[in-house]
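What follows is a set of notes on a single structure, which appears directly below.
The values are calculated or read from the model by the stated rules, or taken from the named source; none is laboratory data. Nothing here was measured: the structure is a model prediction, and the numbers come from that model. For neighbour counting, all protein chains shown are included, and Cβ atoms are generated from backbone atoms with ideal geometry for every residue, glycine included. Keep in mind that these areas ignore ligands, DNA and RNA; they rest on the heavy atoms of the full protein, side chains included. Shrake-Rupley method; radii C 1.70, N 1.55, O 1.52, S 1.80 Å.
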Protein chains: 2
Amino acid sequence: MKKRALLQGQDLSTQIAEAIRDAIVAGDLLIDARLPSEAELADHFGVSRPTVREALKRLAAQNLIRTQRGATGGAFVNRLSFEDAYDQQITTSTLLLSMNAVDFDTACEARYALESACADLAATRRTPDHLATMRAEIHRQSQPGLTDEAFCASDVAFHRALVDGAGNPVLSYQLAGAIEAMQPLMNMITFTARSRAAIIALHQHIADSIEAHHGEAAEQGLAELCSYTQTLAKQVLASRAQRAKN
Amino acid sequence: MKKRALLQGQDLSTQIAEAIRDAIVAGDLLIDARLPSEAELADHFGVSRPTVREALKRLAAQNLIRTQRGATGGAFVNRLSFEDAYDQQITTSTLLLSMNAVDFDTACEARYALESACADLAATRRTPDHLATMRAEIHRQSQPGLTDEAFCASDVAFHRALVDGAGNPVLSYQLAGAIEAMQPLMNMITFTARSRAAIIALHQHIADSIEAHHGEAAEQGLAELCSYTQTLAKQVLASRAQRAKN
DNA sequence: AGACGATTAATTGTTTGACAATTAAACGCC
DNA sequence: GGCGTTTAATTGTCAAACAATTAATCGTCT
């Protein structure tokens, strides 16, 4: 039972998790490399197996490792896929917004600022696939009888297609959080037939601009969409305040 | 020992962690609310305490809960702070880039595209504080004898000041990952005296533009910085390939 | 009555030891 | 050589305990 110096004053499981994470980040443990068994790790760090397990669960929660049972099982360093990172980012962003009372204007401004950054690239690189997705979502949005939630979900899909059109996975990853995290806030807005029509028209304009490789026109459409959305939110808030007074 | 239906086929600790996380996200557990004790949770879910602990460690790894020892201790729902989210995003982004062989151009393009999105807002809203930070970092960058790592670190600080100047915490959060995650890639570049001078001149130009409330000029400076950085990286790669041949 | 110290109870942190479930490899048999 | 069986390694889970920490409670003294 080798004792290992793990200086800090936190939980043992935290310290061990950090030690292993550092080893991964530093490249001492390559992707798909197998970690020592729980018993060996316990030995190595001079702690019991449950403590090691708690550390491994921490890492698993961050998608840094995966575990497998059986004879050749164990914990393996996980390749952090863009998919996994998307999901993490979305849940983190959603919680962040809901827990910190970020006001609608701020979130909205951030989202459209980021999207504008993609518009130019998307106008250059978009494939027919991206355009088709955008058109399909626009079509879905004009269906009558769509719930507000479904309308928002389609809105998210439209904007993700726009972002993906930039053909830069790093951008897609970064913006996934910003766009999806907005949805709960957007869901609070009641979309009247008239406001839906206005939004759809702007979507149409943006899609047309992207198709025509006009980045600036797309950016302008996004800016209008941003301010219109903010106006809508203000109306909702105002009418809600009105109702509260009565 | 009440048995609870936790249908899925994963680890018990995973299922329990998800159940609790869902309760938090759904708002059944408010911020700073205390979870039942480990013993009670074990009872409630019909599992042993170590299993519950593994679940709690998973949540702790995501900063969703914090734990406290002692008589009034327990697990409490954590307010996910922007600080915590920054850190998570940075480590995730860094790993994502290092594990997925994202090429320098892609990361660079994403970073500067996102920063450009902030330039306009920063030009409007920057405070003297932000400007002072930018100037200070420019000054640091012109110190002779600075290591490449220190130069890059200062570069990151400069750009974070620019982003923070937009005065939108959501933007700052989203971009923290993009900017900081680039640093390991940037660190691989050797900055000659001449290339440093060129970068500093561009930084100067950007800072001047931000100070003068000229968003477009700042954006242009960023674009130049982007392409210059990409050129530098290409040179480094080429000379490395050259050396490998000999 | 009020202040202060010791006790107590609740809770998380950690250990030990065991058993179940799973999986691949080794073995033996045909 | 091919195929089932055994075996060994490993993670998943449980049970029961003890240590460490912390706040409340109680008792005593002034």
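Observations, loosely collected:
- Within region A:173-198, the residues that satisfy the criterion of being closer than 28 Å to B:I179 by Cβ and open to solvent by 30 Å² or more (accessible area, probe 1.4 Å) are A:E180, A:Q183, A:P184, A:L185.
- Within this structure, B:T124 passes the test of being part of a helix (DSSP H, G or I) and either under 19 Å from A:S93 (Cβ atoms) or more than 8 Å from every other protein chain (Cβ to nearest Cβ) (or both).
- Of the residues making up region B:139-158, those that are small (G, A, S) and open to solvent by less than 10 Å² (accessible area, probe 1.4 Å) number 1.
- Among all positions in region B:207-219, there is at least one residue which is at pLDDT 95 or above, in a helix (DSSP H, G or I) and polar (S, T, N, Q).
- Pairing each residue of region B:54-74 that is on the phi > 0 side of the Ramachandran plot with any residue that is within 7 Å of DNA strand D (Cβ to nearest atom) and of a type in the set (S, T, N, Q), provided the two are 6+ apart or on different chains, yields C-beta distances under 9 Å for B:G74/B:Q68.
- Candidates are the residues of region A:85-99 that are more than 7 Å from chain B (Cβ to nearest Cβ) and free of Cβ contacts under 8 Å to residues at least 12 places away in the same chain; the one that is nearest to B:Y86 (Cα to Cα) is A:T91.
- The residues in region A:26-44 that are open to solvent by 20 Å² or more (accessible area, probe 1.4 Å) and among the hydrophobic types (A, V, I, L, M, F, W, C) can be counted, and the count is 6.
- Single residue of B:T127, B:T133, B:T94 found to be at pLDDT below 95 and not small (G, A, S): B:T94
- Qualifying residue in region B:27-38 (condition: more than 15 Å from DNA strand C (Cβ to nearest atom) and among the hydrophobic types (A, V, I, L, M, F, W, C)): yes
- Residue among A:L95, A:L56 that is open to solvent by less than 30 Å² (accessible area, probe 1.4 Å), out of contact with any helix residue (DSSP H, G or I) (no Cβ under 6 Å at 6 or more places or on another chain) and within 16 Å of DNA strand C (Cβ to nearest atom): A:L56
- Within region B:215-230, no residue that is buried (at least 17 other Cβ atoms within 10 Å of the Cβ) sits with its Cβ atom under 7 Å from a residue that is not in a helix (DSSP H, G or I) at 6+ positions apart or across chains.
- Unique match (being open to solvent by less than 40 Å² (accessible area, probe 1.4 Å), free of Cβ contacts under 8 Å to residues at least 40 places away in the same chain and more than 14 Å from chain B (Cβ to nearest Cβ)) among A:A161, A:A238, A:A136, A:A201: A:A161
- Top-ranked residue of region A:71-81 - restricted to ones that are surrounded by 17 or more Cβ atoms within 10 Å (Cβ to Cβ) and at the interface with chain B (Cβ under 10 Å from one of its Cβ atoms), ranked as farthest from DNA strand D (Cβ to nearest atom): A:L80
- Within region B:61-70, the residues that satisfy the criterion of being more than 7 Å from chain A (Cβ to nearest Cβ) and buried (at least 19 other Cβ atoms within 10 Å of the Cβ) are B:L64, B:I65.
- Extreme residue, nearest to the chain's Cα centre (by Cα), among residues of region A:98-117 that are of a type in the set (A, V, I, L, M) and not in a helix (DSSP H, G or I): A:V102
- Test: residue in region A:27-49 that is away from DNA strand D (no atom under 13 Å from the Cβ), at the interface with another protein chain (Cβ under 9 Å from one of its Cβ atoms), in contact (Cβ under 8 Å) with a residue 12 or more places away in the chain and at positive phi: no
- Residue in region A:53-60 that is more than 12 Å from every other protein chain (Cβ to nearest Cβ) and away from DNA strand D (no atom under 11 Å from the Cβ) present: no
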